[in-house]
1. State in Å² the accessible area per residue of the chain; use a 1.4 Å probe, count heavy atoms of protein chains only, and round to the nearest integer.
2. In nm, to one decimal, how far is the A27 label point from the T49 one, both placed 7 Å along Cα→Cβ?
3. Divide, for the chain, the radius of gyration over alpha carbons by 2.2 N^0.38 Å, where N is the residue count.
4. Which whole-number percentage describes the relative contact order of the chain, with Cα contacts under 8 Å and a sequence gap of 6 or more?
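The values are calculated or read from the model by the stated rules, or taken from the named source; none is laboratory data. None of the values given here were measured: they were computed from a predicted structure. Positions of Cβ are generated from backbone atoms using ideal geometry, with glycine treated the same way; all protein chains shown enter the neighbour counts. Accessible surface is based on the protein model in full, side chains and every heavy atom, while ligands, DNA and RNA are left aside. Shrake-Rupley method; radii C 1.70, N 1.55, O 1.52, S 1.80 Å.
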Amino acid sequence: MAAVFLGLGPSLIGWTLIEIASRSLFALDRPWPPVIAAVIPPLFNVYLTLWLHSASRNGSAWEPPWDLLAGFAALFVMMHANRRKWLAQG
């Protein structure tokens, strides 16, 4: 049970960052970066699960924080890469 809460706490940070950035981009009528960022955490979880072969139960506690933070990192990179194009359109 402690491993579940150990993984849940840090994952809230990544989830919050994705939510704030996604809602901002949806409000600006730029839906595709948040959609792409939402696909990354499940894919990351599948990759880690297959990589660990579900042999280590302790490894599963560290999956949630990393997948959501990877999703936010991808969203942040997409926002940073497109900011000049979006500012020129605005």
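1. On the way: 6440 Å² over 90 residues.
Heavy-atom accessible area per residue stands at 72 Å².
2. Distance between label points: 3.5 nm.
3. Values: Rg = 15.3 Å, N = 90, 2.2 N^0.38 = 12.2 Å.
Relative to the rule-of-thumb radius for its length, the chain sits at 1.25.
4. Values: 75 pairs, mean separation 39.3, N = 90.
Answer for the chain is 44 percent.
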